Structures are given as C-alpha cells and as structure tokens.
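Novice: After the structure tokens below, expect a handful of questions from me.
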Amino acid sequence: MAPVTRKSSSLASSDAFKPIHRKASQTNTNAFADVARTNGYSDSQNGDSNASALVPTSQLIDQINPLRDMADRVGREVDHFAETLDRFNSSLHGENAYQTAHDLTLEYKDFASSMVKKLKKRHDAQRVNEMKNEFGKRITQSPIRSSSLSGGPVGPVTHNDGDDDIPAQTSLDTLRRWQVELDTWELFRIMLELRYSPEKHARQEEKDARLAELGTSNTYTSDADIWERFTLDNDSAKERHLVLKWLQGAANHGESDIEAIADELEKKSGRGTGIWFNGWMETRERIKGTKRMRVYSTASSDMLDVKRTHSNEPLVSSLDPDAPTRQTRVLEKADEYSERALWMTCWEMLRRGHSWYDICQWCSERNQSWRAVSMAVSTDSHPSVALPGLSAGSLWRRMCYALTQQGASDEYEAAVYGLLSGDLDSVKHVCQSWDDHIFAHYNSLLIGQLEEYLQKSFPEKFASGTVTKFPLFDSLRHHGDQKDVARNLIRRLNEQSSTSQEAQRPLKLLQGALIADNFPDLCKNLATAISDAAWYKTTSTTIVALRTAVAPDSQKESVIFNDFDALRIVTHMVLMLREFHEPLSNSKSDPEALDNIIAAYIQLLRAAGRWELTSVYASRMSTIRGTKSLAQTMTDVQDLQDKVHFTKLMATYGMDPIAVLIEQAKYLMEEVLPKKSAEQSNLKIIENAPNEDLYPGQRIKENFIKDGRGGEGIADHLAVFLLMDAQWDVSFQTLAYACRKLLLNGCFQEASRLVHQLSFEKLSNAKTRSILGVSVNVMDNDEIAEPSREHGAKLRVLQKQCRGYYELNMLVRAIDALNTWRTVEHDYATKEPRPSSLPASVKSTFEKTRAAIEPVLSGILLHAKDDGEAADLAKIRNWYLPEIVLAYNAVLCAGAHMISRDHLLRSMELANDVANDKTGLAECFMESNRMRELVVAFAQSSETMLKLNEINQGKRERKNKAGKNLTIWDLTA
C-alpha cells in the first residue's frame, strides 16, 4: 500500500505522511473531554453552536479512565511514530516483515536519540549537577547537599529555542524519560537481531563459515580469536555480552560524566584538586610527625605505634598499597576518603564501559600506576574480559577474587576486583539500581561461561593445580539451570526489596521482559490489565474482556497502560513482532489480546485529539476490531469535510468506510444514546383541555417537544452520509435505523434535527444523480417522468430501499407540524385584543399541518426487513400514531372555530381512516389501550359540530370542494 499524504480536506499522492493541522477550535488536547465533546458540538449545517451538545462523558462508557490524565503529555512523538509506521506499513508483512521491523526500530531509536540530543542542550548541566550530588552522598554515605546544585532549576522550565519537535516546557525528567526510551529501543534492536530473526539458517551458515575461517584452535591461538570463538560457539554468552554492552551504554549518557564525578569527589575532600597525585598525604605527614617526636631511626616501621588523628585507632606505619590490609590498620580520614573516591571512580568507569586501557591511563595520570597494573594484566587485553597471562588470564582472575574475599579495604575496591573476577556478592554491595544488579549477574555469568569454555577447549593453557589451588566464584552453579536464568533473575529483582520499586516502572518491566525473553507474556498480561480497566463495573465495545474484570491496577503490567510513552512503545513493538515472531503470531497467540493493546493506544490518540492518526493502527487489527475502533474515532471528528477526509484515509489503509459508518451509527445508538427507562413515559403530544369550546376535551401540549431531549449531536455525526456518493441502500437503512432508535428512546428533538439536516428529499436528490443520471425525489410521482423499463426497475428498487426512512421523515414532520401549530394557535387565541380578521399565518400554518399529517394517516411504517425492525416499527406506531390522530382531531376542531366549520367534516372522517385495515391505525389504538380515548374524542368533536350548527342556524351552507357540507348534522333541517 502506498503511503498517504494528508491534506486539510483531501488526499493527494505522495510518499510522505502528513497529519492534518487542525484548527485550535477543533482540538482539545488538555482534557479527555475532547473525545466526548462534552463542551459542545458545533452544528456544521446551520452554524448554531448551541444547537446540540454530545452526550455526557459518563455515557461514553467505552473510554478507559487512565487515558484521560495522559492526553496532556502527548507530543510530536505520536505524529512521528505514525508517520514512520505509515511509510513502512505496506512492507510490514510476509517475507519483508523482519527487515521492515528492523528498519522501523532504527527509525524509532534515531528519533529518540535526536530527542535526547535536543533535550541535553536544555538540561544536561542540570543532569550533571544532580549526578554530582548523588555521588557526593554516596561517598560519605550521608545526605550531603552539593553546592553545585544550589539555585539550579528542578521543575519544568519554559524554553524559547524555536524547536517545534519538543514542547516549550520541559524538565530534567523529560530528558530522563527519553534516555530510557532510547535505551529500550536499543535493547529491542539487540533482541530483534539475536532472537527474532527468521533467517536462522542463514545466520548459522555465516557462523560456521567464520569458525572454519578461524581454523582449528591450538596453543598459539590469539586472545582475540579465543574470544571470537567463545561468542560464536555459545549463543547465550553472546547475548549476555551484548546485554552487558547495552547496560554499559545505558549508564554512560554523558561523555564528561567521569570527569564531573572526579571533580565533585575532589571538592568533597576539602583538599581541593589533585587529591590523588600525592598519595596518602595526611597519613604520611602523621607518620613523619611521629618519627620526629620519637627515636625510631633504627627501628622497623612496623613497630611504629601511630594513632589516627582525633581517635585511638592504629594508623598504618607504612605507605605501600597493601599496608592497611597487611597491618590491619587504618588511614587518616582524608586519605581514606580519597582512597574510597578513587575506587568509586574506577568502579564507575568499569560500569560505564570504559576500556581497561582508558582506566589504566586515567590512574596513571593521577600517579596511581600501581593501581592500573593491579586492575589489568596488560593494556592490550580484550575490553570485556582479560585473556592474556598465565592460564589464559584465569590465574589473574583468581587473584582478583581472593582480594574480594579478604584483601579489600573498601567495598568499591572489592567491587572493582569482583567485577574483574566474576564475583557476585562483592559487586552487589555497591549496586544502586536495577540496571546495576542485571550488570552484576550477567558479568558474573559471562566470566563463569568463559572459564568453563577455556578449561574445556584450551586445557593446555592451565598450569597444573591452578583451578583446584585457587578458587573462583562458580557463577553457573550459583544461578542453576541456564535456560531459566534470565527469567528467574528478573523475577527476583521484581520481588527484591531494594529493586522492586524500580523494577515496577513501565519501561523497566518492558526491558525485563525483553531480557528474560517473555515479551509475549508481558503483552498478554498488559492486554488483561487493559481489559480489566475497560470492563470493571462497565462495558466496552472496542476492548475485549479477557476474564471477569477485577479492580484496575491489580495486574502489575497496568503501569504500562497508565504510562503513555510505555504504551506507545509496546504498541509499536507488538505491531512489528506479531508479523513474524511465532509466539505473537495469530496462530500461536490470542489476537484479541494483542488487539486490546492497539485499541487502547487508539483510545489514547483519540483522547489527545489525534484522530487522523488512528487509521494506520486500526488497519493492523482484525477487521471487526479495527472497524469498531474507527467507528468510535469518527465521533471525535467535528467538521463535515474532515469526516469525509477521514473516510478516505480509512479506504487508503484497506478499511471499509461504509462498515465503519454503519458501526458508528450502531455505537451511537446502542452505547451513547441514553436509554429510555421503564418509568419514563412516551412523548406526550396532547393533554386534557379546559372547558373551552375551542377544543374537543383535548388539545396539543404547548412546546411538548422539550420533553423529547437526549442524544444531542448524533445527527451531526451522521451528516457524512449526505456527502457520500451513491451508497443508497446503506445510507437510507442506517439513517432509518438511527431515526428509529432516537424515537424509541424518546429523543424526539434529535430525531427532528436528523430529519431536518438529512431530509429525505435532500438525500434523494444528492444520490440519484450518480445512480439515475438525474437528481430526483424518487418518492415524488410529480417529479418522476414516465420512466423507461430499465429506469422503472431501478426506481422500484430504490423506492423499496428508502421507504423506511421516507416514512419516518413523514412521522417526524407531522409531529413537528403539530408543535408549530400549537404555538401559532396559542398566540392567536390569547392575543389581546383579538385581531378583527384571521391572520394569514394561522391559516397557512393550519394548511401546512394538514399537509404534513394527512400522508401519515394513509398507513406508514408497515414494511420491515427483519423481525428486529418490525418490532421497532410496531412500538413507534403504537407510541406516536395514536397521539398524532388525537392531536389532529384537536387541530381540526380548533380550525373549525378559527377558519371554517367545514374542517369538522374531516374530523368526522377520521373514524374511517382508523377503521381502514390498510392503515393499521385501529391496531395501534388497540395495542396502546387508547381506543376508548379515541371514541370519546370523536364524540366531543360531534358535540362541537352540533354547537357550531346552532350558532350558525339560518345561514346557507356552502359545499366544500368535495361537494359536502354540515347540513346533515343540522337537527332542524
């Protein structure tokens, strides 16, 4: 499918996706009410902005509450993600699905990277300051406030840098969120290449070819080749190595972070810069001072009894690096601080992925060369694991491990050597985050795998007794079954008190699922959480219930649904993986569950006013679910031309616009339209009249239409049928269905607006040109010339298809005419002084009322397509036709008094219309138990006629056009 270019009101061919830039009055991104339009719905037909207001939000039961609060934060990213998906949409299936998904992932990652770069220009200084403050606290293990943070902005700040891609008001938290998103897309790319590639056979061939190229291993195999063989032979090792590299990159978001940390630690020392260049200066001066005071010139330094300043703790008497451990003594406080600060910096460098060469260079520059030597066998070793040296580096790793067990003077020193040796406990002691713990475990596992590989593949490299004489932490045995290591680790971190809170963050849940290879389970649980939110104490038409709904947020994955960024990311991952990843394919997973995730994202786009973006997502769902989602989205579109444009967008993505419009009408009628309660009475047109000669015991209620409120705005949503070419049957059937439901639920005002805006005549004239070649009212015999045989057959079909809406139009207009007559009649009857002559408006309104009602008495709404429609029509006839007949009788009596007594002749003939089997009126009165009321009304009309004859006795009666007069009712004749 070709990409779509969006214009303000039409589609044009282009290879770029451009969203509509809607007018400010058409979009409300600050509140969820934009979806429901509770603040009013403009009438595009007549310009009356107060004519209707869509139903209250409480009646739009398909909305999911958490989405309301997120709509405010939706920014340019939703447009970019939709645009990018649109460009790749046509190739995201079949053989090209994996490569397309890979390209999409890179696009999304690049966008996140660009956002990070832009936000760093605003907030990187603040980020560095907070990082300094954090390390200042960690070095002293107390809540020290860094001076570098004083006066710095913390909350959102407005920036006028002219960048339209990011909001003017952002904060450091905005930068952090985008950094985490960037990390997440990078992890997804890694796993996409490692696990989800369908080209497994080709990859295996490449691996075999590379192993063959490396040749047979031997004693002289280079360290680089050993490492490459190790990762080629062991897929899990390669994955762990890549995850470690990812964790290092995620921790290293700033190029100058290490220098900033070192600078802050120097400031905290209170000794200024260069605290590491002069060694243990305070301790050295203390020892020198002691020697000056006592005679120890010939004595061994180990015999010195030196106390730390301000305490009785014994101070080291030598300045060699091993002195504190060998002598079990301490350093001066300042030197102890600088020692801890240095090891902390070394740990951070290792944690952030700095090469051993860089770490050694950094130590050497600070006059700490011995430390550089102790941390690496040689500067040309592999950047991840040291291989050179005795026993392929194994002996050196064992020495590092021994230091962690008994030789380290500080926890960060132990952590550094623990990291190099593959130890776990010593590293876990300094872990500050979820990422750190993953890093510690994966580093330990990788070194454990390497040790096992070296001993099996290169036994000749191990000196006799090395393994048994010098122990090493057995990480593989510690972690147990290697198949479930990742899942068990993520589960433990979710439960562990120190990491559980961070592990429950939305993107950490997602990252954990990717690392543990249980993304399908996360999707299923997320879909269930969405289902719970949509079905808890309510119902939904776009979200499928996956179980009996429980309280929202009972599923831990609900935090993803409650976080817009996380929901956006997961949705696009689902769209990609379900096309080729077997556990997420329709054959292996529950497609309804995955569609719940996409449907929730569409709901969020609706809440943000981005209706024009929804079609591309709906097209990736099942046809039924996509249609339902777009049907609801259509209710958000106010402008009529935008509605037409939206239908064209749907068609571009392979969606059926007609099916969407039909579903929209169904949604409006069944879910939005307020239901008529059992206690609510039907629309009452007539009321008992006071003892006046003007009425036959009954009269029309004044302004009775005000009782028929409800469903406001529905007519506006259906106006799109007027602008659609052809679609004759669908248009008239849908509009007839909508009109029926409005009348059945007592929403007469909206039914009247529907008939006014989408009158039968207007629709017929608009649609017949494309069908018959001429605009014509197919139900008006005066307009239809003698048709040809072909046109005659078409006309009969068209008339049959539109009859239901045509007759409902007649019914509604008859009721409207009665309401208009009552207003005119009341104004004339109550006007003081009474006009000397009958106003023309009274007579013309009377004639229009008769013209509107007479067709209704000939028998309408008797033809139904199915049992459901027949039941609806029967109720409408029983509710409304008796009211119309009785009201018409009152109109005729009033007309007899005001205009001419001859109108009572028509009143007398109403009994014939009711008795006529073809009209079905008698049945309506019987079914509604109003036959007695009708008989009484006719009797009172007869009485009125006799009274009028007595008043006009002696006058010569003229016959009406039918040759009839009231002489037969004159008792004296």
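The values are calculated or read from the model by the stated rules, or taken from the named source; none is laboratory data. Note that the structure is predicted; figures quoted are calculated from it, not measured. With ideal geometry, Cβ positions are generated from the backbone for all residues, glycine too; neighbour counts draw on all protein chains shown.
Novice: Look through V824, V812 and report the one residue that is at pLDDT 90 or above, under 21 Å from D707 (Cα atoms) and over 46 Å from the mean Cα position of the chain (by Cα).
Specialist: On the way: V812 fails: over 46 Å from the mean Cα position of the chain (by Cα).
On inspection, the qualifying residue turns out to be V824.
Novice: Step by step: first the residues of the range 815-842, then only those that are without any contact (Cβ under 8 Å) to a residue 24 or more places away in the chain and of a type in the set (S, T, N, Q), then the one that is surrounded by the most Cβ atoms within 10 Å (Cβ to Cβ). Which residue is that?
Specialist: S841
Novice: Something else about it: When you look at R487, is it within 30 Å of L242 (Cα to Cα), without any contact (Cβ under 8 Å) to a residue 12 or more places away in the chain and either more than 20 Å from the chain's Cα centre (by Cα) or outside the structural domain of V74 (by TED's automatic domain parsing) (or both), yes or no?
Specialist: Values: within 30 Å of L242 (Cα to Cα): yes; without any contact (Cβ under 8 Å) to a residue 12 or more places away in the chain: no; either more than 20 Å from the chain's Cα centre (by Cα) or outside the structural domain of V74 (by TED's automatic domain parsing) (or both): yes.
When the stated conditions are applied, R487 does not pass them.
Novice: Determine which member of the set E495, E460 is of a type in the set (D, E, K, R) and closer than 22 Å to A224 by Cβ.
Specialist: None of the others qualify; the one that does is E460.
Novice: Kindly check whether there is at least one residue in the range 468-487 that is part of a helix (DSSP H, G or I), touching a His at 6+ places or on another chain (Cβ under 6 Å) and more than 25 Å from T345 (Cα to Cα). Quick ask: steps written out before the conclusion?
Specialist: Going residue by residue through the range 468-487, those that are part of a helix (DSSP H, G or I) are 468-469, 475-479, 482-487.
Narrowing the set further to residues that are touching a His at 6+ places or on another chain (Cβ under 6 Å) leaves 485.
Next, from what is left, pick out any that are more than 25 Å from T345 (Cα to Cα): 485.
Checking the range 468-487: at least one residue is part of a helix (DSSP H, G or I), touching a His at 6+ places or on another chain (Cβ under 6 Å) and more than 25 Å from T345 (Cα to Cα).
Novice: Quick test for you: out of E761, E783, pick the one residue that is assigned by TED's automatic domain parsing to the domain that holds F704, charged (D, E, K, R), in a helix (DSSP H, G or I) and surrounded by fewer than 18 Cβ atoms within 10 Å (Cβ to Cβ). Let's see the steps before the verdict.
Specialist: Values: E783 fails: in a helix (DSSP H, G or I).
Exactly one of E761, E783 is assigned by TED's automatic domain parsing to the domain that holds F704, charged (D, E, K, R), in a helix (DSSP H, G or I) and surrounded by fewer than 18 Cβ atoms within 10 Å (Cβ to Cβ), namely E761.
Novice: Still on this structure, I have one more. Under the condition of being small (G, A, S) and assigned to a helix (DSSP H, G or I), which residue from the range 417-463 is farthest from Q406 (Cα to Cα)?
Specialist: Here is the first cut: in the range 417-463, the ones small (G, A, S) are 418, 421-422, 426, 433, 440, 444, 448, 457, 463.
In the following step, the residues that additionally are assigned to a helix (DSSP H, G or I) were identified as 418, 421, 426, 440, 444, 448, 457.
Details: G418: 12, S421: 14, S426: 11, A440: 20, S444: 19, G448: 21, S457: 31 Å.
So, considering only residues that are small (G, A, S) and assigned to a helix (DSSP H, G or I), the one farthest from Q406 (Cα to Cα) is S457.
Residues checked against (1) among the polar types (S, T, N, Q); (2) at pLDDT 85 or above; (3) in the same structural domain as E883 (by TED's automatic domain parsing); (4) in a helix (DSSP H, G or I):
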site: A911; (1), (2), (3), (4): no, yes, yes, yes
site: F925; (1), (2), (3), (4): no, yes, yes, yes
site: L934; (1), (2), (3), (4): no, yes, yes, yes
site: Q940; (1), (2), (3), (4): yes, yes, yes, yes
site: E943; (1), (2), (3), (4): no, no, yes, yes
site: A962; (1), (2), (3), (4): no, no, yes, no
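Novice: Could you run through the range 901-916 and say how many residues are more than 60 Å from the chain's Cα centre (by Cα) and either under 18 Å from F846 (Cβ atoms) or among the β-branched types (V, I, T) (or both)? Even if it seems obvious, please write down each step before you answer.
Specialist: Step one: filter the range 901-916 for residues more than 60 Å from the chain's Cα centre (by Cα), giving 901-909, 911-912.
From the residues that got through so far, the ones that are either under 18 Å from F846 (Cβ atoms) or among the β-branched types (V, I, T) (or both) too are 901-909.
Total satisfying the criteria: 9.
Novice: Of T623, T652, T627, which residue is under 18 Å from the mean Cα position of the chain (by Cα) and of a type in the set (S, T, N, Q)? Even if it seems obvious, please write down each step before you answer.
Specialist: Values: T623 fails: under 18 Å from the mean Cα position of the chain (by Cα); T652 fails: under 18 Å from the mean Cα position of the chain (by Cα).
When all the criteria are applied, what remains is T627.
Novice: I'd like to check which helices (runs of 4 or more DSSP H) are fully inside the range 556-674 and have at least 2 residues that are within 30 Å of G512 (Cα to Cα) and in contact with a Pro (Cβ under 7 Å, 6 or more places away or on another chain).
Specialist: On the way: elements: 558-561, 564-577, 591-607, 614-618, 623-634, 640-652, 657-667.
Because the criterion is at least 2 residues that are within 30 Å of G512 (Cα to Cα) and in contact with a Pro (Cβ under 7 Å, 6 or more places away or on another chain), the helices (runs of 4 or more DSSP H) in the range 556-674 that meet it are 558-561.
Novice: Let me ask something else. Any idea which of (1) modelled with pLDDT of 95 or more; (2) not assigned by TED's automatic domain parsing to the domain that holds E592 is the one F462 doesn't satisfy?
Specialist: That leaves (1) as the condition not met.
Novice: Then there's this: Would it be correct to say that I543 is within 14 Å of the chain's Cα centre (by Cα) and part of a loop (DSSP other than H, G, I, E, B)? Spell out the reasoning first.
Specialist: Numbers: within 14 Å of the chain's Cα centre (by Cα): yes; part of a loop (DSSP other than H, G, I, E, B): yes.
When the stated conditions are applied, I543 passes them.
Novice: Please give the helices (runs of 4 or more DSSP H) falling wholly within the range 314-375 in which 3 or more residues are of a type in the set (D, E, K, R), on the phi < 0 side of the Ramachandran plot and crowded, with 20+ Cβ neighbours inside 10 Å.
Specialist: Numbers: elements: 323-327, 333-351, 356-365, 369-375.
Correct list: 333-351.
Novice: Let me ask another. Go through the range 700-724 residue by residue and tally those that are of a type outside the set (A, V, I, L, M), under 39 Å from the mean Cα position of the chain (by Cα) and part of a loop (DSSP other than H, G, I, E, B).
Specialist: Count: 6.
Novice: Taking the condition outside any helix (DSSP H, G or I), within 30 Å of Q801 (Cα to Cα), in the same structural domain as N929 (by TED's automatic domain parsing) and of a type outside the set (F, W, Y), does I860 pass?
Specialist: Working: outside any helix (DSSP H, G or I): yes; within 30 Å of Q801 (Cα to Cα): yes; in the same structural domain as N929 (by TED's automatic domain parsing): yes; of a type outside the set (F, W, Y): yes.
Criteria met by I860.
Novice: With modelled with pLDDT under 95, part of a helix (DSSP H, G or I), out of contact with any Pro (no Cβ under 9 Å at 6 or more places or on another chain) and surrounded by fewer than 20 Cβ atoms within 10 Å (Cβ to Cβ) as the only criterion, which of D103, D69, D79, D110 stands out? Talk me through it step by step, then tell me what you get.
Specialist: On the way: D103 fails: modelled with pLDDT under 95; D79 fails: out of contact with any Pro (no Cβ under 9 Å at 6 or more places or on another chain); D110 fails: modelled with pLDDT under 95.
Unique residue meeting the criteria: D69.
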